[in-house]
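Where a number appears in this text, it was derived from the coordinates with a stated rule and is not lab data. The shown structure was predicted, so the numbers you read here are calculated from the model rather than taken from an experiment. When we count neighbours, we look across all protein chains shown, and the Cβ atoms used for this are built from the backbone with ideal geometry, even at glycine.
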Amino acid sequence: MSIAGKTTKGLTANPFRLGALAYVVVGVIAALAGDAFNTFDIALIASGVSIGIGVIFIIASFVAPAVTQSKTGKLFGYLSLLAVIILGQAIGLAAYGSQMEDISERYFYGDLATFSAVGFLGLSAIVALVWPCICCSTQKQLKTRVIGLARSSPRIQVSEIASAVSLSSDTVKDLLYDAIGSGDLYGRMDGDTFIRSTAPVGAAHGGAKVLVICPYCGAKTEQGLAKCQNCGAEL
């Protein structure tokens, strides 16, 4: 599959990232079409908000991929697309009205465009204010589910956990490494398989657990392991 094909597939599979990209694109268009609005300021405000939220959401899709791939993340993606459609409608009305020779008709469509832009700003404000709280709670819930599934079996494939929680295998693997590195989960990764242990190395023999610092990510890892349990780097 070509790079373009993979990118298109990734965007359609992740509505959150698609909505974020759409926010940026329509924000740029709103800035270029600002003269068509009766009130130029509303166009600039809508443009700035759209681009700002889009950039923040694009960053969030990489920083918190588990959340953006979840059902909650997809819901926010669809809300983002709805907001973008509303702003797109405002731009269309403003552009159409600007072509009218009759002044009253021009102002009529300009006012409709302004009302649509205000609606966009209201919906975007709700999305932007609610997102941080939802992001934190959903991240904790997903991590708890992944840890619970990992503990449920002596050996379990990453793909099995990914299928159960509707996340990508890479995202699940990152969550497992994070849980192991933080001490929330006992075990080790063997390729794409998590192997559970009942206690940390050393504790099972009644001795003290010795930790070393990974030079790559700075996480604490049990001494004697070949790879960092957080980032997977060779030690």
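A few notes on this one:
- The range 37-162, relative contact order [Cα under 8 Å, separation at least 6], %: 32
- Exceedance of the 30 Å cut-off in Cα-Cα distance is limited, within the set Lys71/Lys220; Lys74/Lys220; Lys143/Lys227, to Lys71/Lys220; Lys74/Lys220.
- Relative to one another, the C-alpha centroids of the range 172-194 and the range 74-145 are positioned 40 Å apart.
- 3J(HN,Hα) couplings calculated from phi for the range 17-24 with the Karplus curve 6.51 cos²θ - 1.76 cosθ + 1.60 (θ = phi - 60°) are, in sequence order, 5, 5, x, 5, 5, 5, 4, 5 Hz; Gly and Pro show x.
- Between Leu75 and Asp184, the modelled label-to-label distance comes to 2.1 nm, taking each label 7 Å out from Cα in the direction of the beta carbon.
- Straight-distance candidates among the aspartates and glutamates for linking to Lys140, with alpha-carbon spacing under 19 Å and chain neighbours fewer than 8 residues away dropped: Asp170, Asp174, Asp178, Asp184.
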